[in-house]
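What follows is a single structure, and I will ask about it in a moment.
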Amino acid sequence: MFKIAKKQKLAENTYLMEIAAPEIAKKAKAGQFIILRIDEKGERIPLTIADFNKKTITIVFLVVGKTTEQLANLRKGDYLLDFVGPLGNPSEIKEYGSVCLVGGGLGIAPIYPIGMALRKSKNRVIAIIGAKSRNHLFWEDKFRKIAHKLIICTDDGSKGVKGFVSSALKDFIDKERPNLVIAIGPPVMMKAVADITKSRVKTIASLNPIMIDGMGMCGGCRVIVEGRVRFACSDGPEFDAHKVDWNELMNRNKMYLEEEGYSKEHKKCYSSN
Amino acid sequence: MAKQKQTPIKEQEPKERIKNFKEVCLGYAAEEAKEEALRCLQCKKPLCVEGCPVNINIPKFIKFIKESKFDDAVRAIKETNNLPGVCGRVCPQEEQCEKMCILGKKYEPVNIGKLERFASDYEGDIKSPQIKKNSKKIAIIGSGPAGLTCAADLALKGYDVTIFEALHDFGGVLRYGIPEFRLPKKIVEKEIEYIKKLGVKLVKDAVIGRLYTIEELTQKFDAVFIGAGAGLPYFMGIPGEALNGVYSANEYLVRVNLMNANNSSSYATPIKKASRVIVVGAGNVAIDSARVARRLGADVTVVYRRSENEMPARIEEIKHAKEEGIHFLMLTLPVKILGAEKVEGVECVQMMLGEEDETGRKRPMPIEGSEFVIDCDQVIIAIGQGPNPLIAKTSRMEHGLKSNLIVDENMKTSIEGVYAAGDITSGAATVIKAMGDAKKAARAIDEYVKNKGKDAE
């Protein structure tokens, strides 16, 4: 059993929880994810780690269906039945020069620890974060501390630049010439970023397809990268964004739309942008 | 004079059982078991024991059944096998003990498997023998057949044993892989309860390789055993495999067996119900998937590139599947899965058998121009699994091209104090093969830890 050490509403429909999991926290690195199960009848949902310290793992989730709704109804001091991790390969952190982070919707959360690690490794960090509206936006303050330059976008223009994060990226990519772009968000956003940076800048995307075990056992999270079947959980979750078959990924994420009446899958967690 | 035929055993009627997930075989009642036990010739040199990968003293336990000493029967089995309820159900006895049975030369062999199952099921309150504990600590990775076997053997020798399981429930393939109608989960739970009574500690949600590395475990434990299994599904590499409606057998079975997706009114995990399902492959995993799909209401066809004689699944399971109305299409190889977003059909090619290949089976070869299409809305790929690569990838242990851990004849890996057995070393095989190797590893670990103690003195 894993105790919820902190719960906070971050933005519209968006919650943060710190889970007491010292053993996992000791091992966690930026870019990795966890899988949780609330109770005996629950499904296993993957969430990318949004922060960690010595004792806790921070997760951020958007209420999109039954499981996330149930999670949002839990309080500080309640317990999760299962909390597994750290899973997946960590981000490759080294001195690249300048790195542009693009976080859309819930993707703002998992890109934060990557930014922090890159900053510590002496990179110039440019962050573009975006959400539907100012009410959906969070962690501006945290990004101010790690980014040399921060661009905020909202779809409705209620805060920062009006428009998608991908458009903001397009506007300055030729001026800034970053050495690396890292994108996390809904697949349609990551695809748009990949299209813009193609044959210009190396781009990494963190994928979050439908998953069960998270350790390479079921193959449900398979994605096509460079024409090859790869498992997001064990080969990823990060891949070269220019080599991912985005249409296939978006199609697979629709798999359980019909069943969502009684169980909405985690895949929509990133879909606020 | 022994009866020529086996004592018949009751089964759920096919028409009934395709509507539920309850066990197909209902097992022997006490009188029936005794009647079957009477058929055993009690050979002086029992070949059946040689045929058993864990060398159960078969005549001994059968004699106890004959004498109505059912508790003694299960104790006799547990001298060498700590999972009798599992083995009595899923072992391929027809290729092992029963194949060697002298009675089988002329008549039907003694139904050893069903007698083992009877003895195990009869056991009510599970008793643990007295164990003299030592303070040496052993880490076991994986709670499947190999891990449970090695854990039990070492616990019985007095070791302080901890099992690390990556999933949220224990049993490995017995839990997530083999369906309820073939191996009820309460049987698996009973076997695990016994392992706990031996003093073994079980830790869930612990993904070794990520949470702790093998090297870290060797610092904290006197020895480490790896039985992480064959948790890596193979795909065919044909067009359309990423379409919605294509499952690996692993995913399909995990959703139902581990996550209870068949009971969607109570459990949150979904599964796609289809009307026409094609299962690719003809091993036990393929037949299990086909029978699950049938129970979820589909019309199911198993396609296999070789012929019926080469089907790797147990004969009993193929027979059960046929009774349940599952179709079998032999000498058929899928070459393309058709559909825009969802599966709409499978394009197959007709095969013929040629010369023998390296496995001693006739090599299947495509017949040119014989392509045909089968309409379907779901495809389950069950062409095999490889060892899960996570441990090989996260340690400096020697491993093969398929991430199989390399072990010597004592199941020792290239790292001192680290042993491995089961599918992680061999690729997918049987429960009992994994158990036999795990027993060998337990003996080697015992010897290693004892010698290490001597060296230190």
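Placing unit charges on C-beta atoms (Lys and Arg positive, Asp and Glu negative, everything else neutral), compute the dipole magnitude of the range B:14-122 about its Cα centre in debye, rounded to 20.
120
Express as a percent, rounded to the nearest 5, the fraction of DSSP beta bridges in chain B (both residues included) that run antiparallel.
So the antiparallel bridges in chain B amount to around 35 percent.
Amide H of B:L338 versus every other amide H placed in the peptide plane: which residues, excluding those fewer than 5 positions away on the same chain, fall under 5 Å?
B:E344, B:G345, B:V346, B:E347
For the pairs B:K3/B:K114; B:K127/B:K157; B:K136/B:K452; A:K29/B:K393; B:K185/B:K440, flag any whose C-alpha to C-alpha distance is greater than 22 Å.
Going by Cα-Cα distance, B:K185/B:K440 fall outside the 22 Å limit.
Assuming 0.36 nm per residue, please report the length gained on full extension of the stretch B:E95 to B:E108 beyond their Cα-Cα distance.
Stretched fully, the B:E95-B:E108 segment lengthens by 3.3 nm.
Additional query: Treat every Asp and Glu Cβ in the range B:282-355 as -1 and every Lys and Arg Cβ as +1, leave all other atoms uncharged, and give the resulting dipole magnitude about the Cα centre to the nearest 20 debye.
So the magnitude is around 100 debye.
Here is a follow-up. Which whole-Hz ³J(HN,Hα) couplings does the range A:213-228 yield from phi under the Karplus relation 6.51 cos²θ - 1.76 cosθ + 1.60, θ = phi - 60°, glycine and proline marked x?
Couplings: 7, x, 9, x, 8, 9, x, x, 8, 5, 10, 9, 10, 6, x, 10 Hz.
Another question, if that's okay. Which log10 I(q)/I(0) values, to two decimals, does the range B:240-339 give at q = 0.11, 0.14, 0.21 Å⁻¹ under the Debye formula with one point per Cα?
-0.32, -0.52, -1.12
Same structure again: Compute, for chain B, the length of the dipole vector about the Cα centre, with Cβ point charges of +1 (Lys, Arg) and -1 (Asp, Glu) only. Units Debye, rounded to 20.
Here chain B has a charge dipole of around 1260 debye.
Take the Cβ-Cβ distance between B:K186 and A:D174 as r, set R0 to 56 Å, and report the resulting FRET efficiency rounded to the nearest 0.05.
Efficiency computed from Cβ-Cβ geometry: 0.30.
Relative to the compact globular guide of 2.2 N^0.38 Å, what is the alpha carbon radius of gyration of chain A, as a ratio?
0.93
³J(HN,Hα) across the range A:32-46 via Karplus (A = 6.51, B = -1.76, C = 1.60, θ = phi - 60°), whole Hz, x for Gly/Pro?
Values, residue by residue: 8, 10, 10, 10, 10, 9, 6, 8, 3, 9, x, 8, 8, 10, x Hz.
Order by neighbour count: B:F164, B:F225, fewest other Cβ atoms within 10 Å first, most last.
Ordered from fewest to most neighbouring Cβ atoms within 10 Å, B:F164, B:F225 come out as B:F164, B:F225.
Oh, and also: For B:V279, enumerate residues with amide H under 5 Å from its amide H, sequence gap 5+ or separate chain, H modeled in the peptide plane.
Result for B:V279 returns B:T301, B:V302, B:V303, B:I380.
Hey, got the average number of other protein chain Cβ atoms within 10 angstrom for residues in B:259-271?
5
Just tell me how shielded B:242-251 is by partners: mean number of partner chain Cβ atoms within 10 Å of each residue's Cβ, no decimals.
Partner Cβ neighbours, averaged per residue: 5.
Please provide three numbers in whole Å: the alpha-carbon extents of the range B:14-122 along the principal axes, with the largest listed first.
Its Cα atoms span 46, 30, 25 Å along the three principal axes.
Taking the DSSP beta bridges in the protein assembly as shown as the whole, what percent of them are antiparallel, to the nearest 5?
Taking every DSSP beta bridge with both residues in the protein assembly as shown, the antiparallel ones total about 50 percent.
In whole Å, what are the Cα extents of the range B:358-457 along the three principal axes, biggest one first?
Projected onto the principal axes, the Cα atoms of the range B:358-457 cover 73, 30, 24 Å.
To continue, here is another question. Evaluate peptide B:209-219: per residue, the Cβ atoms of other protein chains within 10 Å of its Cβ; return the mean as an integer.
What the average comes to for B:209-219 is 3.
Work out the P(r) tail for the protein assembly as shown: percent of alpha carbon pairs separated by more than 33 Å, whole number.
Cα-Cα pairs of the protein assembly as shown separated by over 33 Å account for 54 percent.
Taking a temperature of 25 °C and a viscosity of 0.890 mPa s, what whole-number D in µm²/s does Stokes-Einstein yield for chain B with Rh from Kirkwood over alpha carbon pairs?
D = 106 µm²/s.
Also, I was wondering about something else. Put +1 on the Cβ of every Lys and Arg and -1 on every Asp and Glu Cβ in the protein assembly as shown; which of B:S120, A:A147, B:L329 then has its Cα farthest towards the positive end of the dipole?
It is A:A147.
Which is farthest toward the positive dipole end of chain B among B:S68, B:S248, B:G297, measuring Cα position about the Cα centre, with Cβ charges +1 (Lys, Arg) and -1 (Asp, Glu)?
Of the candidates, B:S68 comes out farthest on the positive side.
Hey, can you grab everything whose amide H is under 5 Å from the amide H of B:I140? Only 5+ residues off in sequence or another chain; H modelled, so Pro and N-termini drop out.
Under 5 Å from the amide H of B:I140: B:T162, B:I163, B:F164, B:F225.
By average Cβ neighbour count within 10 Å, what is the ranking of B:289-299, B:249-259 from highest down?
Going from most to least packed, we get B:249-259, B:289-299.
Highest mean first, how do B:6-13, B:168-175, B:186-193 rank when packing is the count of other Cβ atoms within 10 Å averaged over residues?
The densest-packed peptide leads the list: B:168-175, B:186-193, B:6-13.
Where a number appears in this text, it was derived from the coordinates with a stated rule and is not lab data. In this text the structure is predicted, and so the values were computed from the model without any measurement. So basically every Cβ, Gly included, is an ideal-geometry build from the backbone, and we count neighbours across all protein chains shown.
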